[in-house]
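Some notes on the structure that comes next.
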Amino acid sequence: MTPFPDPSRTEAATASATDAPDEGLRRTLGVDRRRFLSTCTAVAAGAVAAPVFGASPALAQDRGRGHDHGHGGQVLVPPHKRGIILYTVRDATGRDPLSTDLPSGFREVFKQLARHGYRQVEFAGYRQHANAPGGANLESVEGARLLRSWLDEYGLRAQGNHGFIPPSWPLTTADLDTFKKHLEIANIIGMDHMGTGGDPTGSSYRADWDVAADKWNALGEIARREGIKLYTHNHDSAYGFLLDGGPLDDQGRPTRSSGIRKLEYFLEITDPKAVWLEMDIFWAHVARYKFHTYTAHDGSTRRNVFDPAGLVARNNRRYPLFHAKDGVVSTTNGMGYEMVPFGTGVIDYTTFFSRVGQRNYHNPMIEDDNAPSATDPGQSLREAKIGYDNLAALRKRCR
C-alpha cells in the first residue's frame, strides 16, 4: 500500500482538502503531465503529450528568448524572473576549455544560458576551471568585477549565491571579516540576496533553533546594512516537526511535538526585515511525503500534511527565491520522488505558482542535482534548456 500522502497528488488537491483521504488520488504520469502543461488557450494535440525524458518537450519548442509567442493565458513566471542556479551546470563551469568545444567556465556558460532564454542566475560558489578566463577562483573583489562584466555582457542578473555563512557563534573576527567580504562581492556582482544551501541547523530541538535564530538575526542585520537580503535554503528535514515538549529523554531533551514544523518556527522567531528564505520546492514536497504524522505532547498520534504553497502564501514576502526542480514518483527511495529535469515530472508547478502569486516578486531558479553526466558532457546544458522552456510554458489555468 502506498504511504500517505501519495507524492503524485496535486497542489490543487492540497489547496482544497489537505486532510482528504488519499484513496483514488493517484494519477498516471501522463495525466500529471497534461495538467502540468495545460494553458488557457487551445494548443495542438501533440503538444499535450508527455515529454520524453531528456528530449525537448513539444510544447516548449520555438519559445525564443523569454517571449510568449502568442500562446495566451497569464504567464506564471515572467521572462525577467526565469533563472537557474549554476549548480545545475557545475560540470560546464568546471571543465577545461582547452580540452573541449563545449561551453566552459563562467563566461561561456553565461553566454549559453542567455541563449536559452535565462535572465537570472544564482551562484553556487565562485570557482571554475583554472584555464577559464579569470582563473580558478573568482571569490575576490577583482573576480566579482569580472563576473559582473560578463553578466552585463549577456544580459543576465545574479540574484543570490549559496556561499559563506559563518560556522562560529558567537562570531569570530575571522568569520565576520569573511562574511563581510562575501557581502562586498555580492554587491559588486549586483545581487539583492545572499544565502546558503544548508538549513539553519540540523537539529530537531527548539533550543537549537532558538540559537540558530539569534545567529541569523545578527547576520541578517549585518547584511541588511549592506543592502543585501540574507536567505537560508531548505532540504526536507527542515520541514519536519519540531521537538518542543512532552517527556524528556535521558539527556533532558523533549521527545514530542506541538505539530509546528522547524522552519515554520524559524519564521516566527526571526526578524522579517533581516532573515529571508528560499524554498526548495522539490525538498518541500519530499517533506510533505515523509512528515505527515507526529506524536503530540500528550502522547497521541496526530496528522498534519504539509502544504508548501500554503506556507509561502502565508509568508509571501519572506520567500523571495525558489528552487524549481521536478520529480517523478518513487516508492523505493524513501523520499517519494526521483529528481528529473524541470517540467518532466509530476510536481504541479502550475498550481503552485498560481497559489503563491506575486509573480513579479518571486525568483524561481531551475535546479537539477542530477543534470551533469559522467558520460554525456553536454547533458546539463541541454537539460537547462528543457527546464527553461518548461518554466516559460507555465500559464495560469482558466477558471
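The values are calculated or read from the model by the stated rules, or taken from the named source; none is laboratory data. Predicted model, so just to flag it, every value in this text is computed and none were measured. Reconstructed Cβ throughout: ideal geometry from the backbone, glycine too, with neighbour counts over all protein chains shown. Accessible surface is based on the protein model in full, side chains and every heavy atom, while ligands, DNA and RNA are left aside. Shrake-Rupley method; radii C 1.70, N 1.55, O 1.52, S 1.80 Å.
Tabulated data for the structure shown
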| item | result |
| --- | --- |
| Single residue of ASP376, ASP307, ASP369, ASP326 found to be more than 25 Å from GLY240 (Cα to Cα), among the acidic types (Asp, Glu) and at pLDDT 95 or above | ASP376 |
| First in the range 176-187 and under 17 Å from ALA124 (Cβ atoms), second anywhere and among the aliphatic types (A, V, I, L, M), Cβ under 6 Å, 6 or more apart | ILE185/ALA144; ALA186/MET194; ALA186/ILE228 |
| Breaking point among (1) closer than 30 Å to SER257 by Cβ; (2) under 18 Å from the mean Cα position of the chain (by Cα); (3) among the hydrophobic types (A, V, I, L, M, F, W, C), for MET194 | (1) |
| Residue match in the range 226-249 (condition: under 17 Å from PHE164 (Cβ atoms), open to solvent by 30 Å² or more (accessible area, probe 1.4 Å) and out of contact with any Ser or Thr (no Cβ under 7 Å at 6 or more places or on another chain)) | yes |
| Members of the range 354-375 found to be more than 24 Å from PRO103 (Cα to Cα) and more than 13 Å from the chain's Cα centre (by Cα), listed by number | SER354, ARG355, VAL356, GLY357, GLN358, ARG359, ASN360, TYR361 |
| Tally of residues being open to solvent by less than 10 Å² (accessible area, probe 1.4 Å) and not hydrophobic (A, V, I, L, M, F, W, C) across the range 194-223 | 2 |
| Residue match in the range 155-178 (condition: over 17 Å from VAL89 (Cα atoms), of a type in the set (Phe, Trp, Tyr) and surrounded by fewer than 17 Cβ atoms within 10 Å (Cβ to Cβ)) | yes |
| Residue among LEU321, LEU277, LEU267, LEU263 that is within 21 Å of HIS162 (Cα to Cα) and more than 17 Å from the chain's Cα centre (by Cα) | LEU267 |
| Residues of the range 94-122 classified as without any contact (Cβ under 8 Å) to a residue 40 or more places away in the chain, open to solvent by 10 Å² or more (accessible area, probe 1.4 Å) and either closer than 19 Å to GLU153 by Cβ or touching a Pro at 6+ places or on another chain (Cβ under 7 Å) (or both), total | 2 |
| Any hit, the range 46-66, residues being out of contact with any helix residue (DSSP H, G or I) (no Cβ under 9 Å at 6 or more places or on another chain) and modelled with pLDDT of 50 or more | no |
| Verdict on LEU147 being buried (at least 21 other Cβ atoms within 10 Å of the Cβ), within 30 Å of SER104 (Cβ to Cβ), out of contact with any Ser or Thr (no Cβ under 8 Å at 6 or more places or on another chain) and modelled with pLDDT of 95 or more | yes |
| Qualifying residue in the range 137-145 (condition: of a type outside the set (D, E, K, R) and on the phi > 0 side of the Ramachandran plot) | no |
| Check on LEU321, touching a strand residue (DSSP E or B) at 6+ places or on another chain (Cβ under 7 Å) and at pLDDT 95 or above | yes |
